[in-house]
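First the structure, in the form of structure tokens, and then the observations on it.
The values are calculated or read from the model by the stated rules, or taken from the named source; none is laboratory data. In this text, all values refer to a predicted model and were calculated from it rather than measured experimentally. Cβ placement follows ideal geometry from the backbone for every residue including glycine, while neighbour counts extend to all protein chains displayed. Side chains are part of the model used for accessible areas, which takes the heavy atoms of the whole protein and leaves out ligands, DNA and RNA. Shrake-Rupley method; radii C 1.70, N 1.55, O 1.52, S 1.80 Å.
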There are 2 protein chains.
Amino acid sequence: MIAAQDKYPSRAGRAACLMPRLDPVVYAPGPQRQLTNLSDGQVAQYERDGYLVLHDVFSAGEVQCFKDELERLRRDPGMQARDEVITEPGSGDIRSIFRVHGISEVFRQLASDERLAGIAQGLLDDDVYIHQSRLNYKPGFRGKEFYWHSDFETWHVEDGMPAMRALSMSITLTENTLHNGPLMLMPGSHKSYAVCTGETPANHFRESLKKQEYGVPEDDLLEQLTGRKGIVSAVAKPGSVIIFDCNTMHGSSSNITPDPRSNAFFVYNAISNRVVQPFCDQSPRPEYIAAREHIEVIKAHTGPENYRGELQAV
Amino acid sequence: MIAAQDKYPSRAGRAACLMPRLDPVVYAPGPQRQLTNLSDGQVAQYERDGYLVLHDVFSAGEVQCFKDELERLRRDPGMQARDEVITEPGSGDIRSIFRVHGISEVFRQLASDERLAGIAQGLLDDDVYIHQSRLNYKPGFRGKEFYWHSDFETWHVEDGMPAMRALSMSITLTENTLHNGPLMLMPGSHKSYAVCTGETPANHFRESLKKQEYGVPEDDLLEQLTGRKGIVSAVAKPGSVIIFDCNTMHGSSSNITPDPRSNAFFVYNAISNRVVQPFCDQSPRPEYIAAREHIEVIKAHTGPENYRGELQAV
């Protein structure tokens, strides 16, 4: 049963088209904004392009702590069997670990670090919570591509996120070069909503986390969106933060280089934008992919003294 | 039966390793060299890195003529059934057309254009012929990756090319950007021969043209080779020429952008380096993949007046 009004209908037999975005990108009015780390220019750039790369946010020591924790989780024999763990098609290697802020104390604290959460609160002008978190490990040599998509389209249709008042932050744990399958984004694409064709099959999430087959934008729409400002690759050293709007079209190519591409990934949603029933006739996706029942408002904290490597998983 | 001495043994149960190259990269001694279009600096760069990008070699009009011919061939209903035509796994779209210098008069003339053939003769210091030619069409949205390989390893083992006295030229027909799966090369990799493990199955070529599974270098060797001078992407506007040595390690990532990546591709081999029996216990690959019986020495010709678009296929 679809209870709420659907501002952004997609799939369910509709024709593909670009419809205008109905929500702001930056919610806080200029002077009232409390964005401790962003300049006016950076906010304007985020509003215009739908993404922003912040370099050198985390120190080498902090990044090492995050990488140690990532390796610990990947080697933990108990992880493979968990629902939260997604493996590569073919090899079975761990590709992503979901709800990592619930599994690991290190990443729980990182999610509420003010260098991330403070910016999210500021841009969305609201208290925030983690809609989804994950560690992405794109291995060297055999890292698979991930096709173009707007996260919001999926979060709206399959999770019931009502409006575009959420954003993602990707914290780079390895160097993201031009060659190892970096995040590619279409600047300006967030100002339109790409309505997709098709429907949503039951339990779509099991396959879509490996390879998307529904909620995939039509070729023609992608051409229109790249026609605006082309495509950019988010190239960044470890310890950088790539912020992008929930509706920015993005994807990545395969990675055949020897260099893995690892990121921690947090989706901040405004508390006023909590999910309702999905905007399709399927059951909601599991809690570890889209927080629904267990919502915790982020209390942003300061200081790198938390990341010293001696933290344990909960 | 293996008749000739095998300077570069690979597969056939050998352990993976890097062995030194036993042949020159540039064959002609400095002063005697007849490289009308290359400076000493360019020749030195080619010798050192194993590749060279020449920009703006062909005019916009010439490129248009090549593209028109490519489109004509792709749409020719008779082409799909030809042995020379390789289709994408999955979609069935035409990905490559082999022996294109034998199929199309336009590309026959391009192969002997002195802006290409003259350089090949000069660097190899010999008369040359086309060992292999093809049109590569890497479609937008769904262009597949091609994994790291040395062409020479395959040409040696499967075709019986005795020595490293051959080079490839890729003529860009569309823009090769950082995003649409450009050719990636490992500079300096051509100075070592990556001995591969495994064997060569019968009729390997049928699958290897779509997806290589034998003659694939070990991870460890690729790490050693990228440790030299990293990885470069050959980014170029249409009408450029990417020259690379037969033993330069190269590959390409998938292409999810809307922009197809098309190239004409010619392999020039020194006439003194004609193929013998394959250096494995399989039959030679077909003539359209590796010229063996029908060898025509290139007579380099001048002038762009040949590419006016009114040429017909033979």
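Sorted on the mean count of surrounding Cβ atoms within 10 Å across their residues, most packed first, peptides B:248-256, B:114-122 read B:248-256, B:114-122. Summary for A:K237: label point 7 Å along Cα→Cβ; distances to the equivalent points in the other copies, ascending, 3.3 nm. For the stretch A:19-170, the carbon plus sulfur part of the accessible surface works out to 47%, probe radius 1.4 Å. Overall form of the stretch A:55-189: rounded. Here a/c, set by the Cα gyration tensor axes a ≥ b ≥ c, is under 1.5. For the stretch B:48-313, the Cβ-based charge dipole about the Cα centre amounts to some 400 debye (Lys, Arg positive; Asp, Glu negative; other atoms uncharged).
Shape index of the stretch B:48-313: Rg/Rh, with Rg the Cα radius of gyration and Rh the Kirkwood radius from the inverse mean 1/r over Cα pairs, equals 0.93. Peptide A:253-262 shows a mean partner chain C-beta count of 6 within 10 Å per residue C-beta. Once C-alpha pairs closer than 8 Å and six or more residues apart are averaged by separation and normalised to the residue number of chain B, the relative contact order reads 35 percent.
Shape analysis of the protein assembly as shown yields a ratio of the Cα radius of gyration to the Kirkwood radius, Rg/Rh, of 1.01. Think of chain A as having a plus end and a minus end, set by charges on the Cβ of Lys, Arg, Asp and Glu; of A:V241, A:Y147, A:G118, A:Y147 sits farthest toward the positive end of this dipole. Could you calculate the FRET efficiency of B:E47 with A:S272 from 1/(1 + (r/R0)^6), where r is the beta carbon distance between them and R0 is 60 Å, rounded to 0.05? My answer for the efficiency is 0.40.
For the protein assembly as shown, a crude dipole built from +1 on the beta carbon of Lys and Arg and -1 on the beta carbon of Asp and Glu, taken about the Cα centre, is about 40 debye to the nearest 20.
Interface burial in the stretch B:155-179 reaches 50 Å² or more for B:L178, B:H179, comparing the full protein assembly with the chain by itself; accessible area from heavy atoms with a 1.4 Å probe. Counting only other chain Cβ atoms within 10 Å of each residue's Cβ, the peptide B:139-147 averages 4. Using the 1.4 Å probe convention, the accessible area of chain B works out to 40 Å² per residue with neighbouring protein chains retained. Considering only C-alpha atoms, what is the centroid distance from the stretch B:34-82 to the stretch A:229-306, in Å? Taking the Cα centre of the stretch A:229-306 as reference, the centre of the stretch B:34-82 is 42 Å away. Each residue of the stretch A:67-128 gets 109 Å³ once the volume of the Cα convex hull is shared out per residue. Computed from label points 7 Å out along Cα-Cβ, the spacing between A:D220 and A:M19 is 1.7 nm.
Dipole orientation for the stretch A:48-313: of the candidates A:P201, A:A166, A:P182, A:P182 has the Cα lying most toward the positive pole (charges on Cβ; Lys, Arg +1; Asp, Glu -1). Only lysine pairs 8 or more places apart, or on different chains, with alpha-carbon atoms under 13 angstrom apart are counted in the stretch A:48-313, and they number 4. Assuming a ≥ b ≥ c are the square roots of the Cα gyration tensor eigenvalues, decide whether the stretch B:99-172 counts as rounded (a/c under 1.5), prolate (otherwise, with a/b larger than b/c) or oblate. Cα axes put the stretch B:99-172 in the oblate bin. Ordering B:261-272, A:91-102 by mean Cβ neighbour count within 10 Å, with the highest value first, yields B:261-272, A:91-102.
Please check which bits of the stretch A:34-77 a label hung off A:K229 would reach, taking the label as a point 7 Å along Cα-to-C-beta and the cut-off as backbone N under 11 Å. Within reach of a label on A:K229, which here means backbone N under 11 Å from a point 7 Å along Cα→Cβ, the stretch A:34-77 contributes A:44-53. Take each residue in A:222-232, count the other chain C-beta atoms within 10 Å of its C-beta, and the mean is 3.
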